[in-house]
Every structure is written in C-alpha cells, then in structure tokens.
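The values are calculated or read from the model by the stated rules, or taken from the named source; none is laboratory data. Quantities reported herein were computed from a predicted structural model and do not represent experimental measurements. Positions of Cβ are generated from backbone atoms using ideal geometry, with glycine treated the same way; all protein chains shown enter the neighbour counts. Side chains are part of the model used for accessible areas, which takes the heavy atoms of the whole protein and leaves out ligands, DNA and RNA. Shrake-Rupley method; radii C 1.70, N 1.55, O 1.52, S 1.80 Å.
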Amino acid sequence: CTVMLSRYQPHTQRLHYAVNACLAPLCSLHLVAVTTVEGIGSVARKLHPVQERIARAHGSQCGFCTPGIVMSMYALLRNNPTPKMADVEEAFHGNLCRCTGYRPILEGYKTFTLGGCCGDRGRDNGCCMASGNGESLTKGQRSGSLRFHGERAVWLQPNSLDEFLRLKWEHPNARVVVGNTEVGIEVKFKNMVYLVILAPAFVPELNSVTHSEEGIVFGAACTLSHMGAVLREAVETLPLHQTKVFLAVLEQLRWFAGMQIRNVAAVGGNIMTASPISDLNPVFMATGCKLTLMDKDGSRVVQMDDGFFTGYRKTILRPQEVLVSIEIPYSQKTQFVSSFKQSPRREDDISTVTAAMSVTFAPGSDVVEDLRLSYGGMAATTVLAKETAYRLLGRRWGEELLQEACSSLAEEMTLDPSAPGGMVTYRRTLTLSLFYKFYLTVLQKLRKQKVQPDSLSATEIYHPETPSSVQIYQAVPEGWSKDDMVGRPMMHLSALKQATGEAVYCDDVPLYENELYMALVTSSKAHANILSIDTSAAERSPGVACCVFADDIPGSNATGPIQYDESVLAHRQVTCVGHIIGAVVADTQIHAQRAARAVRIRYEELQPVVTIQEAIAAQSFYQPIRTIQKGDLEWGFKQADHILEGEMHIGGQEHFYLETNVTLAVPRGEDGEMELFVSTQSASKTQALVAKALGVPANRVVVRVKRMGGGFGGKESRSTLLSTVTAVAANKLRRPVRCMLDRDEDMLISGGRHPYYGKYKVGFLSSGKVVALDVSYYSNVGNSMDLSLSVMERTLFHMENSYSVPNIRGRGFLCRTNLPSNTAFRGFGGPQGMMVAENWINDIAQSLGKPAEEVRRLNLYVHGQSTPYNQVLDHITLDRCWEECMSRSRYQERRAAINLHNSQNRWTKRGLAIIPTKFGISFTAVFLNQAGALVHIYTDGSVLLTHGGTEMGQGLHTKMVQVASRVLGIPCSKIHISETSTNTVPNTSPTAASASSDLNGAAVQNACEILMKRLEPYKTKNPKGSWEDWVKSAYFDRVNLSANGFYKTPDIGYDFESNSGRVFNYFSYGVACSEVEIDCLTGAHKNLSTTIVMDVGQSLNPAIDIGQVEGGFMQGLGLFTLEELHYSPKGVLLTRGPGSYKIPAFGDIPTHLTVSLLRDASNDKAIFASKAVGEPPLFLAASVFYAIKDAISAARTESGISGPFRLDSPASAERIRNVCSDRFTKLVRKFVQKFVHVG
C-alpha cells in the first residue's frame, strides 16, 4: 500500500517520501500531495521507467505487491536520481513479495544505479523527473489550526506550541499522533477508540534541530528518517570521539521498521510509546539522553534513566505534559558505545532483545569509571542492569571482568517462565551474548589487550553485500520462427498492467449501486458449545442491514471440499478459534466490522486439543491411517550394521498471499441465479458448494476469476469458507454483497500448511547405504478433514525423497485438533515427508563421521529402480542434476574454504549442504487429472481463449497463450484470455498440484488442433493467404470457428490396499547447494550462496520457470528457517499479521544465487516436452536448513560435542542459538516456555 507524499518542510526544500497508505490518516494530509502508482504512468498513456523495468525484468508475478514496490522505487528516485544499490535495498525494507523471490525486482532496478537513469539530465526528452509530477504544492504556505470531526473521534491539529500545550491541558487523555504508526495499528487491529487525537506534526518547535554544547537536540516530532540524516551528517563532520552515541543510534535505525515507517514515525512517539522492545530507548537510556517536558505552566528536563518508565507502556509524564525534545549527547574521548538488536528477521522486524551499552574509562587506563547496560525485551519496560554495572565499577576491562559480568547478568536479567513473548532461555542467553560482543568490541578498541583472532568475527557489524545472480537456460535453436514463443523468456502477459495498478483484482470490480459489505462473526473459543447469541447491539449500529446465521441458509449447512464434515455457519458448537458463526451486513466495511464486534456470544467451554502431542495423548485421530510398505522390514533391520532412531517437528506455514480472500456475490434476480467474483483456485468447487448452500442447481451459479493476488494452495478449498457465507447473505437480502478479509482475519480463519511430527527408525550399513526404514508421520489436521488425507498420502509418496530404500514402511496419522482446518500449500505434504528423510540421511552421515554429500550420493535413485509404491523410475535425471550442481557450486572448493573459515573463527561458523528432490506430478486423486478448454476465433482473426486453470501469478495464462500461438501458428498478440469462469469451461479441476500447464496446455492444444483441422482446406486452397484470409473464408463457408478441447492424463491410478498402480505421470527433479554463515552468539544466519539445478523438461517459458524456481525456493526458505506460527495453549493464533509473522524479505535472498534449468531434458509425458515447475523447487530450500545444521555441528564440535542432534524446523535464530552450546548457555537456567509451537 505504498504511496508517495510530497510537501514543503519548514525552512527546507520540497520533500518526497514513501508511506504506508493504510496508516496515513486523511486528516494529516493538509497541504500534502499524494502520488499513487496510477499517477506516474499507465499502459494506455505511457509507462514510467520504474513501472516498465520491473515488468520487463520479470519482477511481477501475481502483481498484488508490485504497485507498492514501484512506488518505493519511484519515491527514492525523486529524491536521489542516481542511488547506490544499497539505497535501493534500503528503500524496499518495508515491502514484501510472496511470489518472485525478490531477485528479478532487484535486477530490474539495478539499472537505475548503473547509468540507466539520466539523473535529471534529460528533461526535454521525457525524463521521469518531469513526467508524472502532478503535485500541486505552494511553497511557504503553513497549515493553520485544523479541527476534523468524525463519527467517533475529533482530530485537533495545532499550529503552535502554545496551542498544543493548551489543547493537551484541556484534553489530558487525548492521544498524541504524528506518524500514526502505533495508534493506527491500535485502532485497526486492537479496536481501540480515541475520542480526541492531537496531531502536532506541524508545530515548528517540535520539528526543530539544534546543536548545543552537549549534543544535538531534536524536536519530538522529528521523523526517524530526518534524525538519521542529521546524525549521519554529524558523523561525517565531527571528530570520531564525539559521535559514538550517534553511531549507536544509527545502527539501530538501520533495522528500524521499513522506510515507509521511518519516514513518518517521530522520535518522540518512539519514546512515549514506551514499548518494552523499543529499538531506540535502550540507546537513549544507556547514554543518558535528556528529555524536555512541558505543560502550559512550564517545563522541566529529565534524564532518560531507569526511573523514566514507570510500568508497561507508562512514563513519568503527567497527563497534561508533552515531550518537546530529546538531546542526544556527544560522546566522551574515553567512552565506548554499542547497540544491538536481535530479531527473527533482520530487516523490518520486531525485536526479540535489544541492548545498548556504554562504558567510560578513567583517562589513560582500562579501569571502568562508568558503565550502563540497557536492555529491551527483558522486562515490562526498558531496563538498566544496575547491579551488574555497579559491581564492575573500578574494575579493569579483562577476562575477570567478563566472568563477573556474565555471572551477574545471568542472575540479574531473569525472566519468568511464563513471560510474554516466550523464548525465555534464548532471551536470557542473548543478554550474555550481546554483552560479550560489547566486551570484545571495547577490548579491541582499547588496544591495550589483543582480542584473539578467532574471536574477532564476534565484533563485526553486519553490512549486507549486494546480491548477484546468474540464470542459465537453453535458448531455442537458431532459425526458430519468431512467432513461435514456446521456449522463449516471454514477459508475463499482465506484468505491465500490474506495474501500473491497472490490473483488475476481485476487489477492484466497481461497486454496484445497491451493494452492501459483510463482516464475519467468528468464535473466540477453540472448543465450546454456543449458549446464546445477542445481536441487539449490532442491529442498532449505524448502517446495518441484517445479521446472518445458520438459520438463514436456504439449502444445506453442510460443506467441505471432499467430505461434508464442516458447516457454512457454526450451529450449537464451535471447534476452533476463528470458526465462522455468522456475519453482519452493512452499508460500509467499517460499519459492518464495528457491528460484527458488537455481537455478544456466550459459550460453554470444552477442553481443546491443540498440538500433535495432545492429539497423540488423547488418541484424537481421523480415519483412515494410511500405510505404504515394501520389502521385508524385519529382515532389513537384521541386515543393518547400525540402527538409528530420531524424531523431528516441522512447523506450519501461513500462505500469506498478498491478496486476502475476497468474494463479491451478485444475485441476478430470477431463477435463483447468482454471479460470484471470487479470488479462488477452484472455481467449480466454489460453484458446487455455493449452489449446495443456496439449495439451487449448479447451473444457476456462475463463478468468475480474473486473477488472484497469490494463492499457493490456500485458495484451493478454504476460499469457499467466505464465498458460501457471502452468497447466503446476498441471497437473503437480494442485493450484491462484498467481503474482503483483513490480514488478521484471513490468517485466523483460513488455516495453512500442516505442522508435522515425524518419528523414524533407520537401518544402514557401515558404508552409509540405507537398507531399512520405518517412519511415522503425524499431521496437525485441524477441525475438519479438508484435503488432509490427500496431503498425508503425498507425504507418504515422498517419504524416501530421492533415495532408494529396499525395505520400508511409512504410516500417516491425521491428528484431529481444535485449530482452523489446515489445507493445501505448495508442495502439498511432500516437503514435510522429504524433510524427515533428509533428517535421517543427515543423522546417518553424522553417526558414521562421513561427509553428508557422500551418503546422499550413495543412496540416490538410479534408472530402473522402483519407489516404495512400486512405480518404476524411467527418464531419471537426478544424477545429472547432482553432478551439475556439484560442479556449478564448486562444492569441494567451497567445502575446503568453509573448513578453513571455521578453524579460524570461534563465533561465526559456515555450513554447506547439497539436497536433491524428486517430486511426483499428477493429482493423487485420479479423477482430477483432466482439463478443458474453449477457443473462439472471431472473423477479424483475433482469438479468445478460455481454459479451466486460474491465474495466480504463476504465468499459466501466459503459457497457455504460448501453446495456442504455436498450434495456431499466429502471434501471441492475436490471442486473449479474459478470465476463468464456470459458464465457459465446466467441471474444472483446481489449479493445483503443479499440473495445470500439463493438463490445460494439452486441452488448449486439443482445441486448437481441432480448429486447425477445420481451417486446413482454406490454407491449402490459399497457401499465400493470411491468417485473417483463412478465417474469413471458413466463416463464409459456415465452418464452426469455436472448439472445445479436452485432456485426461493417461495410464494413472493407484491402490493402497495392493500397493500397486501408477501414482504419478512423471517426476520433476532438482538439486540445490547452499552455504550459510551463523552467528553462534545470537543465532542469526546469513544466506551466502545457493546454486539450483532444476529439471523442467523443455521449458515453455524460461523466464516464468526460473521465476517459479526462485519464488518456490524463497517460500521454502521461509518454511524451513523463518516462518513460525505461535498458538496459545487455548488454541488462539498469536501470530496474525506481518508484525508478528515474518515471511522472507529482500534481505533474505542468498547473496549469490545461480539457477540453471537442466539442458536437453525432454519429457514425453507433458505438453511440448515440458515439465511441471510450481511445487518441486520449494523443498530445495532444505539445503539452507541443512547448511545451518552443518554450521551448528562445527560450533558444537568446538564445544566438544559430536554426533547427531535434533534441530526442529524452522531453524530460527532461537533454535540455532540454543543448540550452539557454550559457556553462556550453561549459565542460563532452564525454564518452561509459555508459547507452544504447534507441531
């Protein structure tokens, strides 16, 4: 939601800055110009270079995030026409993308840093600085006092300090807002209501910056961006000894939120919010910053110390007082200052622990004269470790002081086992680790004692290296027809529209005249009987049309994608938090949501089952329990030289599609007809379930899908939760009803990837050859079956990954829990199955002391071997992928370099891992392996193409146009796909299982071949004629120029009872090698390098396929190293939104990324010798996980610990740090954690 604001700052030039539109109050925009993505260029007029380059660099897939990224780059260029690459990367700290993997976005925008931009020198030739600058600003005009009255709040904007102080005296409980980055979140997501808001952003004194004898004084309304700029200038101009405090502040600002937040957030707001995990308050406290407080009767100056914060989110300020300024002091010659921030994700993330430390020595010595150690994240407020500091006064800075400090900190910085935020052991360990980093940094700067060379890396400040990348694919042969686009890196057909904001998504459909908005009423209990529902307050709320509950459903309340074991609306009982009970329909979104919150429900709570362990204990399982067995397990274990047992948890994952679930239902007024615009991967299933709920035949319901802003499996079945309720509401009122879920609602309701628990017993020879495996998988299914049985079946089909195991048994247990039903997610159970396989192969290597790559290579499948489900592998390319990956990654050379690095560095360790994947392509439900297409040729020669697949960013429509173009022999420009709809192609399978290009491509080919056969006589008759000539001739000869195409995958089908049949049409193969570096003291890691070799057959479109490989890899990187869903013991999802749930960001991509599509790998089982590409690459991110595990092994070896060890997924900073056992972890007492990782 990034837009650019422009305004004149007092006494400064015009300022352009990127902001989050969703957090910028309209009231704050007086005398401010707003530029959106539509305002800088369009497909119809002229594209701005910023829009064009992201599209042509293949940096837009689903396109929902593209406008925000475009505007972040545009705002940067308006201020800095020739930025450095580091500036570009910093500009994107506040932007996220779930599709592309970020690499092509950076590649496209790198051109602006290499002379690609004229730098404002070409204004006469359509320069971007001269076009699209529609801001109407008046220089020197100052805002007067403003007053805005809303439905529930008053906005008061003073224009002088006296007026501000008077208003605060009159309204002591009013909230003061400058950037709205805190209050905006509270109002939107915490339902806070503030009757009076004071907005002093334009008060001159609060924006001033002055230099005093003791430091720099910043007005409290100074933005963090402005403060950073002033401090950077001071660092460049002042002597080094004076700027150490400034450098500590700047270090925290580097990782403080994103640019959009820093551009509006005020330093005073950061202080007064009094967050216990503030990034900046520890620095201000440790360095003794002075605060000026005022009310209308006078002022006072206080030092920011441990007395300033009086409790959680409380300060010493009286209600009528305001913070006017903060003085950040110059440092002294013998003073040393450092600041630290540790968070799950490095950029734009909330801190786990922050710290700032300042030590001042007696002149000419290393004797401590003053010491302040300030921590955030260790109490309800920012705290000083006063006891530790007091003990160290007068001590020399050396090993004895270190020992004393660590022992004292371990004693002083305690946390209750049930402390909010969890991670108690980790947080307490960080207090020691961060002090040790400070100790070494100061020791190094004192130059009186040398820091051991192997410890120097602990003092290094992280500065990201600009990413570099290589993409390798096989070009089409010379002489290939220019009109035949198959095999060429053609741009996504919607990329330009997406980059200009002109692409139409579901919620972009214009409002109908009598349209209403719906908000859901959901359960706050995980398992309970509903005793009563009181809607009286909701019905009295402004704008409310009606409430909708189960009794309003005209058809059946039973629903579900396979089994009807769910309800459209809960009746009598709820079985998860987020269970939809009803809905409120009103004239606007705000009115509907406000009224929905006013519905009061009384419950009788029942005992919930939340985790896999609880389900196992309660024997809470769905049936059936699936088993695949081959060979003689007992005999296999007898043959084994060694037997090893282990277990592993794999956490769930939120889809985090950028476009949340949305439906617009439009009753058509007769015969029960209804038209739905839905963001769904499964138009036909939506049609069927809506018809069932409405009690009408499916032929009365039309579902239309233009495009989705991402899906990843999350909109395969769970999108019907919203669509059915919206349709029921529209049917009741006979008016159009729209609903788009907020992010927190979507995450709460829709479920995600299944958490798994795997237990295994593996038998192997001393050579490392695996001879027997017994593995059991437990998945956290949730409160309904959904697609979970099929997910578990695919897990079992991938339980051996790419390794031949002659004697094997796999069992799958479906745990019934009181969580929202988990569902399809890219990989569909395959990644969980393969992850456990890689864990036991890794354990084998560690237990034998052999290199892991040797054990993996030894066990790889070869041509002609059969899988546990008795499918013979032919056309296997695993060995080719493996050897090319080993070669391109320079594996042995890199391994030697890593060994050298690890021998020379105690506190940073590097790791390396190479991981294969084998992914079966087909729906495991045989009937879904079919597709249809409809092709119309119009008399002007243009072609309208429709097929059963939906576009969610994966480029399916683009590939289908390429297929049709080749078969019809016409340019792609003559072919158009409008949408997917149930009234053009019926009974479609979901766009899922990576099979959509195969299935729909073959159906499109079939339809086009039928048409070409009909046109053949006219081509023969007029061989020199044009396409248009042949079409017109056929039309005048009354030939049908419309054709249906159909395809079904041949010769597949499998029976679990007999373990026979052919599960998959073919397999996609790939291998990835990754190198990482971990910080043993904090658990943070850097992704240094990844090389991927992927077999995609003969690529239909290398640009799209490489985009899918990179995007899938990054999504897997999130799954295995970063993304964590936290639930309370009562089943409440605690990570609901980007503030607490972290997907990979721009800074998480490997510094060096190589993607190679395997050459000469034709596949005779799919369209034009191609292969599926959507899901297979995701698991290759496990190479990062096992590289981390390799690095941890090096750290543990240094601590004298060897052999296999357990590391659950994701490999978060907390898990990495806790398993890197050292003297600091041993000082920290054990505890019981409050939060549970649902496994």
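Summary table below
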quantity	calculated
Dipole magnitude of the chain, debye to nearest 20 (Cβ charges: Lys/Arg +1, Asp/Glu -1, about Cα centre)	460
Residue-level accessible surface for residue 437, protein heavy atoms, 1.4 Å, Å²	20
Global geometry of region 154-458, whether rounded, prolate or oblate, following the gyration tensor of its Cα atoms and the 1.5 cut on a/c	prolate
Charge dipole (the chain, unit charges on Cβ, about Cα centre) - positive-most of 238, 383, 667	238
Exposure of residue 531 as accessible area (Å², to 10), given a probe of 1.4 Å and all protein chains	90
Amide H partners (placed H, <5 Å) of residue 94, local residues excluded	259, 260
Whole-number percent relative contact order across region 930-1048, with pairs defined as alpha carbons under 8 Å at least 6 apart	40
Backbone HN-Hα couplings from phi across region 598-604 [Karplus 6.51/-1.76/1.60, Hz, Gly and Pro as x]	7, 5, 10, 10, 9, 10, 10
Per-residue ³J(HN,Hα) for region 633-639, Karplus 6.51 cos²θ - 1.76 cosθ + 1.60, θ = phi - 60°, Hz, x for Gly and Pro	5, 4, 5, x, 5, 5, 6
Per residue value of the accessible surface for region 930-1048 (all protein chains in place, 1.4 Å probe), Å²	41
The chain - percent of accessible surface contributed by carbon and sulfur, probe 1.4 Å	50
Tensor-based shape of region 930-1048 (alpha-carbon gyration tensor, a/c under 1.5 rounded, otherwise prolate or oblate)	prolate
Accessible heavy-atom area order of 336, 64, 1185, highest first, probe of 1.4 Å	64, 336, 1185
Efficiency of FRET between residue 588 and residue 973 - r from beta-carbon atoms, R0 41 angstrom, step 0.05	0.45
Relative contact order of the chain, pairs being alpha-carbon contacts under 8 Å that are 6 or more residues apart, as %	12
Charged-residue dipole, Cβ positions (Lys, Arg, Asp, Glu), region 2-118 about Cα centre, Debye nearest 20	200
Beta bridges by DSSP in the chain, antiparallel share as percent, to the nearest 5	80
Segment residue 153-residue 299, length gained on full extension (0.36 nm per residue, minus Cα span)	49.6 nm
Solvent-accessible heavy-atom area per residue, rounded to whole Å², over region 2-118 at 1.4 Å	36
Within region 145-206: Cβ-based charge dipole about Cα centre, in debye rounded to nearest 20 (Lys, Arg +1; Asp, Glu -1)	220
Cβ-Cβ FRET estimate between residue 1038 and residue 511, R0 fixed at 41 Å, reported to 0.05	0.40
Segment residue 539-residue 32, length gained on full extension (0.36 nm per residue, minus Cα span)	178.6 nm
Computed over region 257-322: relative contact order in percent, which uses C-alpha pairs under 8 Å that are six or more apart	30
Listed candidates (i) 392; (ii) 180; (iii) 266 - label of the one calculated as volume of the Cα convex hull per residue in Å³	(ii)
Dipole-positive endmost among 464, 1202, 1147 within the chain (Cβ charges, Cα centre)	464
Label-reachable residues, region 532-561, where backbone N falls under 15 Å from a point 7 Å from residue 193's Cα toward its Cβ	537-543
Whole-Hz couplings from phi, Karplus 6.51/-1.76/1.60, listed for region 617-623; x for Gly and Pro	5, 8, 6, 9, 10, 7, 9
Unit charges at the beta carbon, dipole of region 2-118: most positive-side option, 21, 77, 93	77
1010, 628, reordered so the largest accessible area comes first (probe 1.4 Å)	1010, 628
18 Å reach of a label modelled at residue 573, 7 Å along Cα-to-Cβ, counting backbone N of region 802-818	815-818
Length added when fully stretched, residue 452-residue 466, from 0.36 nm per residue minus Cα-Cα	2.1 nm
Separation between Cα centres of region 584-655 and region 1108-1180, rounded to whole Å	21
Solvent-accessible area per residue for region 868-925 (1.4 angstrom probe, square angstrom)	38
Peptide ranges 1106-1116, 1055-1065, 838-848 listed from the most packed, as the mean C-beta count within 10 angstrom indicates	1106-1116, 838-848, 1055-1065
